[in-house]
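Working notes for the structure below.
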Amino acid sequence: MADLLFLGPSLPAAEAAALLPGARILPPVGHGDLLRLAPGPGDRVLIVDGFFMHRPPVRHREILLLLERGVTVAGSSSMGALRAAELWRYGMRGVGDVFALYRDGVVTGDHEVAVVHGLDEDGYRPLSEPLVNIRIAVRDATRAGAIGPDEGAAILAAAADLPFRLLTWRSLALHAGAAMDRLRLWLADHPVDAKAEDARRLLRAAAAGDPALCPAGPGDEPIRHVHTTYLEGWRSRYEQTGGVSELELLVTLRVLHPQFAELHRARVLAGFSGARADDPGLEQLALSAADRLGRGVPVPDGSWLTPDEDALPAAEATLRLLVRSLGTAETRQISVAMLPPELRRDDVLAIARQVVVTAKAIQANLSRRQGRPARFRAEVAAAVLAAQWGCDPAGLTAAAWDRGFRDREQLRELAGFLIGYLRVLRAPWFPPTRPLEVVHQ
């Protein structure tokens, strides 16, 4: 059993390590981190802090996938409390006051737990005060009679008016008036750090083996509709086997396999026409389907064609329009399902996997030498890819469309890790697939 703890400004890492010995302490959780780590049944994922703005936040379906797999997922304090309040019905466990406030609808906004904090090397030191800490301090001080209900309401109103980046006890004192003087006197003897205390409660419960921190089970609502195209796209991007993701394999084959464009064309036309990709009459069937839908000859929209393609026969222009418009529409969430079946072979995938490993090693070496992440200029990347595909750089966009990339920007984003490889090494030899018997109009 492994404990994975996502922690940032809510609690010092040294204190967390003392409370839960053996836990792997990780930075605040963001989108993709749970998929990248891929914990399994018996593991525990403890979420305290997470990114809100600098990175996309952890998605609900990423957590639901872990719950479905038998992983214990529990949260407190900040992002952990927020996600637990949203998913406790499905088996995510929540601990602490902040979780209860969200679960019961007392607070609803993400900004209640947001803070400005330092960098990793600074221990994510908080530089502002979360609104939820002030809310709980006001609640406790009111219950103790240190301030009156009206004074507490005035303090909370003043705190809510301040942007979370500017919210500190000092700035609040300038806006809340005399009531803050009495609250600060009470806080001197009764300090409140709700997020830190909730994190401690979570870690103590985990260390004690609290049975409340258990995987989702029969008492929880069933988890349904997790495996959407979005989730599968995220899995292809972030889940890895031997340091290689499905997305990296797919991109490598899109860029380097000499038959990919042909196979991609056949797969897209088959999906459009309802025929088989190896049907000898595939392209005519696709043209007939386009004609029935009112998309027949002549081509109604030349935006998917380059100036050099204006003289193409109308039938071929229509086929290219279909392949490019339909094939690139899939790229919103890229997954291995977009790989033509002919390339889902162990020998082909093994070669692609080795290319990815080598390419990432070359990229890492370049980054070390440069002292920053290696990224080639756009014109350099375009020249390398155009040479790989045997086209002029001016025709790179059309060549990218023919391989399912949405545009040059997406091509550069996804295939950037291959540029160093292609500048140092030749593209590998791939075993040929069975030739497609298609008739080009």
task = Answer yes or no as to whether Ala386 is in contact with a Pro (Cβ under 9 Å, 6 or more places away or on another chain) and either free of Cβ contacts under 8 Å to residues at least 60 places away in the same chain or part of a helix (DSSP H, G or I) (or both).
result = yes
inquiry  = For segment 383-410, give me the residue count where each residue is surrounded by 13 or more Cβ atoms within 10 Å (Cβ to Cβ) and closer than 22 Å to Ala329 by Cα.
reply    = 17
ask   = Could you count how many residues in segment 124-156 are loosely packed, with under 15 Cβ neighbours inside 10 Å and at pLDDT below 90?
value = 2
key: Count of residues meeting criterion [open to solvent by 20 Å² or more (accessible area, probe 1.4 Å) and in contact with a Phe, Trp or Tyr (Cβ under 9 Å, 6 or more places away or on another chain)] in segment 13-30   = 4
inquiry  = Of everything in segment 256-271, what is open to solvent by less than 40 Å² (accessible area, probe 1.4 Å) and either closer than 22 Å to Leu322 by Cβ or not in a helix (DSSP H, G or I) (or both)? Give them in sequence order.
reply    = His257, Gln259, Phe260, Ala261, Leu263, His264, Arg265, Ala266, Val268, Leu269, Ala270
task = Answer yes if at least one residue in segment 351-363 is polar (S, T, N, Q), modelled with pLDDT under 90 and within 17 Å of His257 (Cβ to Cβ), and no otherwise.
result = no
ask   = If a residue has to be assigned to a helix (DSSP H, G or I) and in contact (Cβ under 8 Å) with a residue 40 or more places away in the chain to count, how many in segment 136-163 make the cut?
value = 5
query = So Glu221 clears everything in (1) closer than 30 Å to Pro341 by Cα; (2) assigned to a loop (DSSP other than H, G, I, E, B); (3) among the acidic types (Asp, Glu) except one condition, right? Which one?
reply = (1)
request  = Taking Glu413 as meeting all but one of (1) closer than 13 Å to Val251 by Cα; (2) open to solvent by less than 60 Å² (accessible area, probe 1.4 Å), write down the number of the exception.
outcome  = (2)
key: Residues located in segment 21-37, provided they are out of contact with any Asp or Glu (no Cβ under 6 Å at 6 or more places or on another chain) and either closer than 24 Å to Pro211 by Cβ or aliphatic (A, V, I, L, M) (or both)   = Pro21, Gly22, Arg24, Ile25, Leu26, Val29, Leu37
inquiry  = Looking at Ala74, Ala100, Ala84, can you tell me which residue is closer than 19 Å to Leu202 by Cα, open to solvent by less than 10 Å² (accessible area, probe 1.4 Å) and in a helix (DSSP H, G or I)?
reply    = Ala84
ask   = Does Ala199 satisfy the condition of being within 30 Å of Arg69 (Cβ to Cβ), part of a helix (DSSP H, G or I), touching a residue at least 24 places away in the same chain (Cβ under 8 Å) and of a type in the set (A, V, I, L, M, F, W, C)?
value = yes
inquiry  = Please go through segment 1-32 and give me each residue that is within 18 Å of the chain's Cα centre (by Cα) and without any contact (Cβ under 8 Å) to a residue 40 or more places away in the chain, ordered by number.
reply    = Leu26, Gly30
note = Conditions (1) under 27 Å from the mean Cα position of the chain (by Cα); (2) surrounded by 13 or more Cβ atoms within 10 Å (Cβ to Cβ); (3) among the polar types (S, T, N, Q) -> Thr241 fails only (2)
request  = Please indicate, with yes or no, whether at least one residue in segment 110-121 is touching a residue at least 40 places away in the same chain (Cβ under 8 Å), in a loop (DSSP other than H, G, I, E, B), open to solvent by 20 Å² or more (accessible area, probe 1.4 Å) and in contact with a strand residue (DSSP E or B) (Cβ under 8 Å, 6 or more places away or on another chain).
outcome  = yes
query = With respect to the numbered conditions (1) in contact (Cβ under 8 Å) with a residue 60 or more places away in the chain; (2) among the charged types (D, E, K, R); (3) open to solvent by 30 Å² or more (accessible area, probe 1.4 Å); (4) out of contact with any strand residue (DSSP E or B) (no Cβ under 7 Å at 6 or more places or on another chain), which one is the sole condition not fulfilled by Asp189?
reply = (1)
Residue check for Ala176: open to solvent by 30 Å² or more (accessible area, probe 1.4 Å), out of contact with any Ser or Thr (no Cβ under 7 Å at 6 or more places or on another chain) and farther than 15 Å from Pro130 by Cβ = no
task = Filter segment 358-379 for residues that are open to solvent by less than 70 Å² (accessible area, probe 1.4 Å), closer than 14 Å to Phe417 by Cβ and either under 25 Å from the mean Cα position of the chain (by Cα) or in contact (Cβ under 8 Å) with a residue 24 or more places away in the chain (or both) and give the result.
result = Thr358, Ala359, Lys360, Ala361, Ile362, Gln363, Ala364, Leu366, Ser367, Ala374, Phe376
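The values are calculated or read from the model by the stated rules, or taken from the named source; none is laboratory data. Treat the numbers as computed from the prediction; the structure is a model and nothing was measured. Please note: Cβ atoms are built from the backbone with ideal geometry, for glycine as well, and neighbour counts cover all protein chains shown. The protein model used for the area step is the full one, side chains on, heavy atoms only, and it has no ligands, DNA or RNA in it. Shrake-Rupley method; radii C 1.70, N 1.55, O 1.52, S 1.80 Å.
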